[in-house]
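The values are calculated or read from the model by the stated rules, or taken from the named source; none is laboratory data. Values in this document were obtained by computation on a predicted structure and should not be read as measured data. Ideal geometry is used to build each Cβ from the backbone, glycine not excepted, and the neighbour counts take in all protein chains shown. To get the accessible areas, we keep the full protein, side chains included, count just its heavy atoms, and leave off ligands, DNA and RNA. Shrake-Rupley method; radii C 1.70, N 1.55, O 1.52, S 1.80 Å.
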Amino acid sequence: MNYIEPAPIKDKENPLASMMSRFDKAAELLGINDEMYNILKIPRRQITVGLPVTMDNGKIKVFEGYRVIHSTILGPAKGGIRFDMGVNIDEVRALAAWMTWKCAVVDIPYGGAKGGIMCNPREMSAGEMERLMRAYTLSMLDVFGPDKDIPAPDMGTGPREMAWLMDEYSKANGMTVHAVVTGKPLVLGGSLGRTEATGRGVTVSALAAMEKMRINPYKATAAIQGFGNVGMYAAALLHERGVTVQAVSDISGGYFNEKGIDIEAAMQYRAANGGVLEGFKGADLISNEELLSLAVDVLVPAAKEDVITQENAREIRAKMIVEGANGPTSANADDIINDKGIMVIPDILANAGGVTVSYFEWVQNRIGYKWTLERINRRSDRIMKDAFDKVYATSQKYQVNMRLAAYIVAIDKVASTYQYRGGY
Ligand code: GLU
């Protein structure tokens, strides 16, 4: 399932700078020394490759691909591969570091990594995508590995691409290696529940936050920006828990219905309409900007970075923001959102359900056994709820917002593990 990205919104900030400014604040509060600061600031490994691919027109096009391993202190590196025109090394670096913090927040034994290729998957044929993915995998043979670095889907990639990666890696190693990648199709060692996992975790986080804010889900409203793999399932599951989802949006625009969008109908329409909501009936057309400023209880930005910025943060009227995407709120918008008293459930907590079920997929591959959906959902819900409670308790203890609290939990875990492992 591919992610859908809505049209970019102005004032793009550098995601690496956004990430580092939050890191700086949390490190200061924790009293992290310079030594540790530098260890966590500089990625362990950064790989850039050129990938010559024969396009359908017979011409060779060279793509630039990246893999950044931010940290392996907690375990093998883990993180998705993004196919998008906006991919650049700064973005991949920030996303890799976010994976380190994310895995630490939910307490799973992984470090953080991210990969990306600057390309437009919407304009590429299946054959071109396959050749690109296989070329990327071959160039990363010494990087990937079930105990070294385990990729997964991200924006623009899904189970199909992970299957090609697994196959190419397996061929090169002369044996089937399921555990080298997660987010695979079910028949290839994928896990039940992985597709919905991120949206499900967003829902668990939103419900936990609603409880703290004494908001009754059955009386609550929500707006979801981005109707891809994350937003779609977050919308469906919030709806299932009684929340009225008044608006959703994707690259074709926003769709608003005060009485609630029929999410199932929207999902069916999208599937039959080439993955976009364009022309969806049963809602009024609004812009992405209008969606962000709706007076709802829960706003879920579920597309990409820097959607809520200092330019539009003042217009936000939601009571809480649950970050389904990575880095949807720029660091410059943090204070504005804070001053408005809006509760933010940060990305490294709210969208960690995806990597949590990736971890379950990896565990199942390694023990050669399949868990039931019931077991997966129960365990991932528990992990998400425990992580929420820990971050909430930390925010009370340090008297800081949930974002800073999540960074404190993560950096503290990584730094204290490092004390045992040490450097050279
Ligand atoms: N790309 C997803 C994320 O940003 C999933 C990563 C994974 O499952 O390894 O969390």
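So which of Thr195, Thr137, Thr157 ends up being among the polar types (S, T, N, Q), touching a helix residue (DSSP H, G or I) at 6+ places or on another chain (Cβ under 9 Å) and more than 12 Å from the ligand (Cβ to nearest atom)? Show your work before the answer.
Details: Thr195 fails: more than 12 Å from the ligand (Cβ to nearest atom); Thr157 fails: more than 12 Å from the ligand (Cβ to nearest atom).
Of the residues listed, the single one that is among the polar types (S, T, N, Q), touching a helix residue (DSSP H, G or I) at 6+ places or on another chain (Cβ under 9 Å) and more than 12 Å from the ligand (Cβ to nearest atom) is Thr137.
For Val230, indicate whether it is outside any loop (DSSP other than H, G, I, E, B), of a type in the set (A, V, I, L, M) and at pLDDT 95 or above.
Numbers: outside any loop (DSSP other than H, G, I, E, B): yes; of a type in the set (A, V, I, L, M): yes; at pLDDT 95 or above: yes.
Here the answer is yes, as Val230 does meet what is asked.
Just wondering, is there one or more residues in the stretch 293-309 that are farther than 19 Å from Glu91 by Cα and of a type in the set (Asp, Glu)? Talk me through it step by step, then tell me what you get.
At the first step, the residues of the stretch 293-309 found to be farther than 19 Å from Glu91 by Cα are 293-300.
Of the ones still in play, those that are also of a type in the set (Asp, Glu) are 297.
The answer is yes, given that some residue of the stretch 293-309 is farther than 19 Å from Glu91 by Cα and of a type in the set (Asp, Glu).
Do you know which of the residues in the stretch 239-262 that are within 16 Å of Phe280 (Cα to Cα) and of a type in the set (Val, Ile, Thr) is most open to solvent (accessible area, probe 1.4 Å)?
Ile251
Looking only at the stretch 311-346, filter to residues that are among the small types (Gly, Ala, Ser) and open to solvent by 10 Å² or more (accessible area, probe 1.4 Å); which one of those is modelled with the lowest pLDDT? Step through it out loud before you land on a result.
Initially, the stretch 311-346 is screened for residues among the small types (Gly, Ala, Ser), giving 313, 318, 324-325, 327, 330-331, 333, 341.
Next, only the ones that are open to solvent by 10 Å² or more (accessible area, probe 1.4 Å) stay: 331, 341.
On the way: Ala331: 91, Gly341: 96.
The extreme case among them is Ala331.
Residue-wise test of (1) open to solvent by 10 Å² or more (accessible area, probe 1.4 Å); (2) modelled with pLDDT under 95.
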position: Gly80; (1), (2): no, no
position: Gly86; (1), (2): yes, yes
position: Ile108; (1), (2): no, no
position: Gly115; (1), (2): no, no
position: Gly127; (1), (2): yes, no
position: Arg134; (1), (2): yes, no
position: Asp147; (1), (2): yes, no
position: Ala152; (1), (2): no, no
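Got at least one residue in the stretch 391-401 being within 21 Å of Glu211 (Cβ to Cβ), more than 18 Å from the chain's Cα centre (by Cα), outside any helix (DSSP H, G or I) and not aliphatic (A, V, I, L, M)?
Yes, some residue in the stretch 391-401 is within 21 Å of Glu211 (Cβ to Cβ), more than 18 Å from the chain's Cα centre (by Cα), outside any helix (DSSP H, G or I) and not aliphatic (A, V, I, L, M).
For the stretch 115-136, check the following and say yes or no: at least one residue is within 18 Å of Phe83 (Cα to Cα), touching a Pro at 6+ places or on another chain (Cβ under 7 Å) and not in a strand (DSSP E or B).
So in the stretch 115-136, the residues within 18 Å of Phe83 (Cα to Cα) come out as 115-136.
The next check asks that each one be touching a Pro at 6+ places or on another chain (Cβ under 7 Å); those that pass are 115, 129.
When the remaining residues are screened for being not in a strand (DSSP E or B), the result is 129.
There is at least one residue in the stretch 115-136 that is within 18 Å of Phe83 (Cα to Cα), touching a Pro at 6+ places or on another chain (Cβ under 7 Å) and not in a strand (DSSP E or B).
If a residue must be part of a helix (DSSP H, G or I) and of a type in the set (Ser, Thr, Tyr), how many such residues does the stretch 293-321 contain?
Let us first name the residues in the stretch 293-321 that are part of a helix (DSSP H, G or I), namely 313-315.
Keeping just the survivors that are of a type in the set (Ser, Thr, Tyr) gives none.
Final tally of qualifying residues: 0.
Can you tell me which of Ala236, Ala271, Ala295, Ala265 is modelled with pLDDT of 95 or more, under 18 Å from the mean Cα position of the chain (by Cα) and surrounded by fewer than 21 Cβ atoms within 10 Å (Cβ to Cβ)? Talk me through it step by step, then tell me what you get.
Numbers: Ala271 fails: under 18 Å from the mean Cα position of the chain (by Cα); Ala295 fails: under 18 Å from the mean Cα position of the chain (by Cα); Ala265 fails: under 18 Å from the mean Cα position of the chain (by Cα).
Criteria check complete, one pass: Ala236.
I'm trying to understand the selection: among the residues of the stretch 63-112, which are of a type in the set (Val, Ile, Thr), more than 11 Å from the ligand (Cβ to nearest atom) and more than 23 Å from Arg382 (Cβ to Cβ)? Step through it out loud before you land on a result.
Kept after step one, since they are of a type in the set (Val, Ile, Thr), are these residues of the stretch 63-112: 68-69, 72-73, 81, 87, 89, 92, 100, 105-106, 108.
With the extra rule that they be more than 11 Å from the ligand (Cβ to nearest atom), the set shrinks to 68-69, 72-73, 87, 89, 92, 100, 105.
Val68, Ile69, Thr72, Ile73, Val87, Ile89, Val92, listed by residue number.
This table checks each residue for (1) without any contact (Cβ under 8 Å) to a residue 60 or more places away in the chain; (2) under 18 Å from the mean Cα position of the chain (by Cα); (3) outside any loop (DSSP other than H, G, I, E, B).
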{"residue": "Tyr359", "(1), (2), (3)": "no, yes, yes"}
{"residue": "Asn365", "(1), (2), (3)": "no, no, yes"}
{"residue": "Trp371", "(1), (2), (3)": "no, no, no"}
{"residue": "Arg382", "(1), (2), (3)": "yes, no, yes"}
{"residue": "Phe388", "(1), (2), (3)": "no, yes, yes"}
{"residue": "Arg403", "(1), (2), (3)": "no, yes, yes"}
{"residue": "Ala406", "(1), (2), (3)": "no, yes, yes"}
{"residue": "Ser416", "(1), (2), (3)": "yes, no, yes"}
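Identify all residues within the stretch 236-254 that are without any contact (Cβ under 8 Å) to a residue 60 or more places away in the chain and under 14 Å from Leu299 (Cα atoms); write none if there are none.
Result: His239, Val243, Thr244, Val245, Gln246, Ala247, Val248, Gly254.
Let's see how each residue does on (1) farther than 16 Å from Thr100 by Cα; (2) within 16 Å of the ligand (Cβ to nearest atom):
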| site | (1), (2) |
| --- | --- |
| Asp335 | yes, no |
| Lys340 | yes, no |
| Ala352 | no, yes |
| Val355 | no, yes |
| Tyr359 | no, yes |
| Trp371 | yes, no |
| Ile383 | yes, yes |
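Given the residues Val204, Val248, which is the only one that is closer than 24 Å to Pro153 by Cβ and not in a helix (DSSP H, G or I)? Break it down stepwise before answering.
On the way: Val204 fails: not in a helix (DSSP H, G or I).
Result: Val248 is the single residue among Val204, Val248 that is closer than 24 Å to Pro153 by Cβ and not in a helix (DSSP H, G or I).
Just one of (1) open to solvent by less than 50 Å² (accessible area, probe 1.4 Å); (2) more than 16 Å from Ser205 (Cβ to Cβ) trips up Val409, so point out which.
Val409 satisfies all of (1) open to solvent by less than 50 Å² (accessible area, probe 1.4 Å); (2) more than 16 Å from Ser205 (Cβ to Cβ) except (2).
Determine whether Met36 is among the hydrophobic types (A, V, I, L, M, F, W, C), more than 19 Å from the chain's Cα centre (by Cα), assigned to a helix (DSSP H, G or I) and at negative phi. Before the answer, list the steps.
On the way: among the hydrophobic types (A, V, I, L, M, F, W, C): yes; more than 19 Å from the chain's Cα centre (by Cα): yes; assigned to a helix (DSSP H, G or I): yes; at negative phi: yes.
Criteria met by Met36.
Here is a list of conditions, (1) touching a Phe, Trp or Tyr at 6+ places or on another chain (Cβ under 6 Å); (2) open to solvent by 10 Å² or more (accessible area, probe 1.4 Å), and Ala163 meets all of them except one; can you say which number that is?
Result: Ala163 fails condition (1) only.
I'd like the residue in the stretch 196-231 that is open to solvent by less than 50 Å² (accessible area, probe 1.4 Å) and farther than 21 Å from Arg317 by Cα and, out of all such residues, is farthest from the chain's Cα centre (by Cα). I'd like the intermediate steps shown before the answer.
Within the stretch 196-231, the subset open to solvent by less than 50 Å² (accessible area, probe 1.4 Å) is 197-199, 201-210, 215, 217, 220-231.
Filter once more, keeping what is farther than 21 Å from Arg317 by Cα: 197-199, 201, 204, 228-230.
Details: Ala197: 11, Thr198: 7, Gly199: 10, Gly201: 11, Val204: 15, Gly228: 11, Asn229: 10, Val230: 8 Å.
Result: Val204.
For the stretch 322-347, how many residues are in a loop (DSSP other than H, G, I, E, B), small (Gly, Ala, Ser) and over 20 Å from Thr221 (Cα atoms)? Spell out how you get there, then give the answer.
Pass one, the stretch 322-347, residues in a loop (DSSP other than H, G, I, E, B): 323-328, 330, 340-342, 346.
Still in the list and also small (Gly, Ala, Ser): 324-325, 327, 330, 341.
Restricting the remaining residues to those that are over 20 Å from Thr221 (Cα atoms) gives 327, 330.
Of the residues in that region, 2 qualify.
Restricting the first residue to the stretch 149-164 and requiring it to be over 13 Å from Met124 (Cβ atoms), which pairs with a second residue that is polar (S, T, N, Q) meet a Cβ separation below 7 Å and a spacing of at least six or different chains?
Ile150/Thr182; Ala152/Thr182; Ala152/Ser358; Gly158/Asn2
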